[in-house]
1. Among (1) surrounded by fewer than 20 Cβ atoms within 10 Å (Cβ to Cβ); (2) farther than 28 Å from Ser106 by Cα; (3) free of Cβ contacts under 8 Å to residues at least 60 places away in the same chain, where does Thr507 come up short?
2. Enumerate the pairs (first residue in segment 301-319 and touching a residue at least 24 places away in the same chain (Cβ under 8 Å); second residue anywhere and open to solvent by 10 Å² or more (accessible area, probe 1.4 Å) and outside any helix (DSSP H, G or I)) with beta-carbon separation below 8 Å, excluding pairs fewer than 6 apart on the same chain, so at least 6 apart or on different chains.
3. Out of segment 287-340, which residues are closer than 20 Å to Ala355 by Cα and in a loop (DSSP other than H, G, I, E, B)?
4. Answer yes if at least one residue in segment 479-495 is within 27 Å of His270 (Cβ to Cβ) and more than 23 Å from the chain's Cα centre (by Cα), and no otherwise.
5. Find all pairs meeting these conditions: Cβ atoms under 7 angstrom apart; at least six residues apart or on different chains; first residue within segment 136-151 and free of Cβ contacts under 8 Å to residues at least 40 places away in the same chain; second residue open to solvent by 10 Å² or more (accessible area, probe 1.4 Å).
6. Which residue pairs have Cβ atoms closer than 8 Å, lie 6 or more positions apart in sequence or on different chains, and pair a first residue in segment 374-389 that is part of a helix (DSSP H, G or I) with a second residue that is at pLDDT 80 or above and among the acidic types (Asp, Glu)?
7. Kindly indicate which of Ser106, Ser100, Ser121 is assigned to a helix (DSSP H, G or I), more than 21 Å from the chain's Cα centre (by Cα), farther than 30 Å from Val323 by Cα and among the polar types (S, T, N, Q).
Amino acid sequence: MFDWYVLCSFVGYLALMLWIGFFFSKRQESLGDYYLGGRKMNKWVVALSAQASDMSGWLLMGLPGAIYVGGFSEAWIGIGLLVGTYLNWKIVAHRLRVYSHACGDSITIPDFICNRFRDPSGVSRIIAAIIILVFFTFYTASGFVSCAKLFTTTFGIPDTVSFLGLTMTGYSLCLWIGALVVVSYTLLGGYMAVCWTDFIQGSLMFVAIVLVPAIVVCNAGGFASTVDSLNQINPYLQSLFTNASTAKAAGFIGLASCMAWGLGYFGMPHVLVRFMSINNPAEVKGSRRIAMSWVTISLGAATVIGLVFHLYLKQRGLTLADVGNDPEKMFMVMINGIFNGGFFARVFAGILLSAIMAAIMSTADSQLLVSASSFSNDLYKIVIRKRASNRELLCVSRLAVGAVSLVALGMAMNTESDFFKVVMDMVSFAWGGFGAAFGPLILLALFWKRTNLAGAVAGMVVGAATCFVWKFVLAGYAGTHEIFGLYELAPGFLFSFVTTVVVSLLTKKPSADMLAEFDKVAQEV
């Protein structure tokens, strides 16, 4: 039976997101407003927007599913992300905010790289923009796939549907609906709309991810009783070093791959631009505390969800096969089971289910905006029309949002490919690509004055190329050579870092004005 109460909650939530986009569409006066909110974002919005745009549907679907299968040993990804989040806020955020403003008032990451290394040819800007477009298209496609899975599961969409006289699969229809909403408010409101919707979505995600496992734990008799019950179900569920499904100790390659996720933060364009947009650099410290509180509690709650789903099934005398045999859908199953009676319960269930949509949308909108800014500001303006007006660039940006979305939709609809059917595969590849291509460069650009243009370009190319080769070529030999089972971000980051340093040392030193600017920024921070 179709659940109209849940649908009404979804529609209300999506309508609010579109209204925010329309509201901020009237408050844009420049490219800086559209791309960076005029550097006027407060610490609360920056903190929750940065973390909500980072986590995506992985927080409510991917991580709990992995924990359910492998137990607490799968939490190492979360631990790596937690460490990476803290270090990114601690050592990068404040310095990048100051440096990006001092360095030609840069409004995008390619903009900052080009200005930082005095690149008159724009080669570094073009390469950076291409890397962003390529990897964000994969990332955006993963968001659309997550969205389609959410709609088809929540509303029981049939395999084949008729819509506006067209016959299509239910999966395809859900892809189009999710993409349309995300694209609409991104087109309308730009960066401020994205940040404010992410703030709301981050708050909704936080409430949902804490409330649901807390109810299950209470129903189990409290924390101590929950721990005892989980030990009875499987004594390895709560082990940090033993896989619950195989009862085998976690190997070095597996642990290193999980922890390597934290390196990705240093190169995430949609997170880094949040640092650049904060109103006052002095607010970075307060914003970091808010962000760390949010991410620590959220990752912990997501881990608990994966564990207590075992109890949820046991309490109801069910097995995983009884609820669809897909652990990544457990959050939806738990919400529908807990809030399953009466008007208010179902409406509240719809609000909590909207949190999954919020997780997906908060990442997809940020990716689309960064992709659009990279195309218009760093490719179109440099390669095609150097004298393009701000109005023209805004128009091109909106067209780029639509173009990237269409390509991502095409990928998401390729259900014949195992790679494009698995959300986590696409997310991990894009995350690794950004971390390897930009992470070492951002750190060196901010903290090592000897870094030069040649090193920057070489490092970006080597990092991105390593991820492609490792993922699609070398990983195939993991069965015979264990090292190739390592997450591609780790070797990509290492090779990129070494290449940037070596090439910088072997080529011409930075100019005097570059060194003076570096020293000036160092004094300010």
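1. Condition not satisfied by Thr507: (2).
2. Close Cβ pairs satisfying both conditions: Leu307/Gln238; Val308/Ala220; His310/Asn234; Leu311/Ala220; Gln315/Ala220.
3. Matches in segment 287-340: Asp326, Phe339, Asn340.
4. Narrowing segment 479-495 to residues within 27 Å of His270 (Cβ to Cβ): 486-495.
Imposing the further condition that a residue be more than 23 Å from the chain's Cα centre (by Cα) reduces the set to 495.
Within segment 479-495, one or more residues are within 27 Å of His270 (Cβ to Cβ) and more than 23 Å from the chain's Cα centre (by Cα).
5. Sorted first by the residue in segment 136-151, then by its partner, the pairs are Phe151/Ile157; Phe151/Ile177.
6. Asn377/Asp111; Asp378/Asp111
7. Values: Ser106 fails: assigned to a helix (DSSP H, G or I); Ser121 fails: assigned to a helix (DSSP H, G or I).
Going through Ser106, Ser100, Ser121 in turn, the sole match is Ser100.
Every residue, every condition in (1) more than 21 Å from Asn88 (Cβ to Cβ); (2) without any contact (Cβ under 8 Å) to a residue 40 or more places away in the chain; (3) of a type in the set (Asp, Glu); (4) buried (at least 20 other Cβ atoms within 10 Å of the Cβ), yes or no:
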| site | (1), (2), (3), (4) |
| --- | --- |
| Val461 | yes, no, no, no |
| Phe468 | yes, yes, no, no |
| Glu488 | no, no, yes, yes |
| Gly492 | no, no, no, yes |
| Phe497 | no, no, no, yes |
| Asp519 | yes, no, yes, no |
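The values are calculated or read from the model by the stated rules, or taken from the named source; none is laboratory data. In this text the structure is predicted, and so the values were computed from the model without any measurement. Cβ atoms come from the backbone with ideal geometry, glycine included; neighbour counts cover every protein chain shown. Accessible surface is based on the protein model in full, side chains and every heavy atom, while ligands, DNA and RNA are left aside. Shrake-Rupley method; radii C 1.70, N 1.55, O 1.52, S 1.80 Å.
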